[in-house]
């Protein structure tokens, strides 16, 4: 008797708690790595915290870390939707099809997919123009390298990554015609041991600048151990490795966007949109250029950053040829967003092939 | 293509470094499985070892103490597994998986304040005279001590399993725990000891990643190395030297394919990227064409009453 009573009370309490939570907006986040990766996922989680800070009690956030890109992502998002999430941020390119599938099943739940290109009535996509940051990075890299070999740790052959390589290369080449890029594909977003191996390999083969498009700080540690190698923070500032090897960084600033979108769900004004913001809107930030960089190089990099922010300069401005020598952009012509979003070719001068 | 950019000496040296974490974890798991226990918690024990080792060596400034603590940390987690499976007779597969999940969570909790910190440098030993031998010297005689420990463990495990009475008893427990029990051997005690040994080895392997190979602490940094080690034990048909071959093949081709990519070799990258897995499996499958099979009692629960 007593037990039944207890259970009934518990059920009642639970029911009341659920009703109390119903007027809260529930926001789910799906992360590809751990929140402590110090890079990509860390910054998305900073964005989540910004949402909590902005709305306090009116919002409830949940997140699941280290979700593999594939069927598992679908399971995680379905679970979130079943648990009453109103808005779900899927924060990696590889979740694209999983988002589409789950979104079809839950038309009332809003989805936001990072760095993807497939939208639906309840799916928005958003990304940052990281290539603007890569332009600044390439400029510093081209000026700083002594061996003229720049190592690039690439993750997966998707437009996002290829755009970054091209932008960095174009701007390194512009300030240093002798520069050469060595590109290594590691086929992972997050595997510190493998990222460290890749960095070590590139350093052993003469690179004295390491650029990375993977999420952990392992390449920073490898460069620090090797000495005389410079790196750039990726996705997050990675300031713990400043002033050397980390001389600057590209910081993803998701907070304002996440707050804006959560607000839209609360107000019922949410619509499916494609957002692609850059330095000007503040979604991409350039981390403090450290004291290891000479003053004139720093000034040059900052001038480039400001020109991009002011809209006076586009990192993909002609004349530019594709890798095989065919013309791409005429003198003064600027790449359109469609081409950039689907970029699947190297610009002229980069050696090697893009894995298909 | 510029193959001259690849320095074979550096390549071999980094091959051995890349192979050591999985080698350590695999040799520990080999002993566990030869005792008839399937512990799928290798990944969890490795990552706990990685953070314990990292934290202790940062706090004390001594990498040696760090490795010691890593072994202890791995063993403590393994003890939990031993309690569940040997005393409470829980299902080994489920307990092992739970151990991995628990280890990953526990390690990120423990590692909260260690992100972005640089560990003390772990000096390589230069074995005098030998390390001056041209070419071979730097490969064979100027590595860090844990790498040698890994090799010694392989040789030791092989010798103990093959030539000693203790090894025979361990194998007997793994092949037929009822018969071993009837002969008066303490099956549970032997298995618990094997599990602890496996945990300590996995912990060392994890710490090798966080203290030598990367070196830093990042959540989830073992990134599947424990699962590779588990697979390696099976493909190596539970034989120590084959585990060594497998680990070197895997580590070696991992490093080699990165080198080939950086040197601009015209092999499609997808093939290079899958080559470590493919080649390791192929070689070990061919090697295991003989009649070696899994320990007969592998994964079965034992209770003296049955």
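None of the figures in this text is laboratory data; all of them are computed from the coordinates on show. Please read these numbers as outputs of a predicted model, since none were measured by experiment. Cβ sites come from the backbone with ideal geometry, for glycine too, and all protein chains shown count toward neighbours.
See the values below:
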| read-out | value |
| --- | --- |
| Mean ellipticity per residue at 222 nm, deg cm²/dmol - from DSSP H runs of n ≥ 4 across chain A, formula -39500 (n - 2.57) | -13000 deg cm²/dmol |
| Neighbour-count order for A:171, B:303, fewest beta carbons within 10 angstrom listed first | B:303, A:171 |
| Centroid-to-centroid separation of the range A:255-291 and the range B:195-240 [C-alpha atoms, Å] | 40 Å |
| Average beta-carbon neighbours from other chains, 10 Å sphere, peptide A:203-215 | 2 |
| For residues of B:260-273, the mean tally of beta carbons on other chains within 10 Å | 5 |
| GNM result for chain B, Cα springs below 10 Å: residue of B:156, B:49, B:251 fluctuating most strongly | B:156 |
| For the range A:122-141 versus the range A:175-217, the gap between their alpha-carbon centres in whole angstrom | 18 Å |
| Packing-based ranking, highest mean first, of B:182-193, A:186-197 given that Cβ atoms within 10 Å are counted | A:186-197, B:182-193 |
| Candidates B:96, B:150, B:224: whichever shows maximal mean-square fluctuation once chain B is modelled as a Gaussian network with Cα springs under 10 Å | B:224 |
| The protein assembly as shown shape via C-alpha gyration tensor axes, a/c threshold 1.5 | oblate |
| Among A:268, A:36, A:133: highest mean-square fluctuation, GNM of chain A, C-alpha pairs under 10 Å | A:268 |
| Test item: A:186-192 mean partner chain Cβ contacts at 10 Å | 6 |
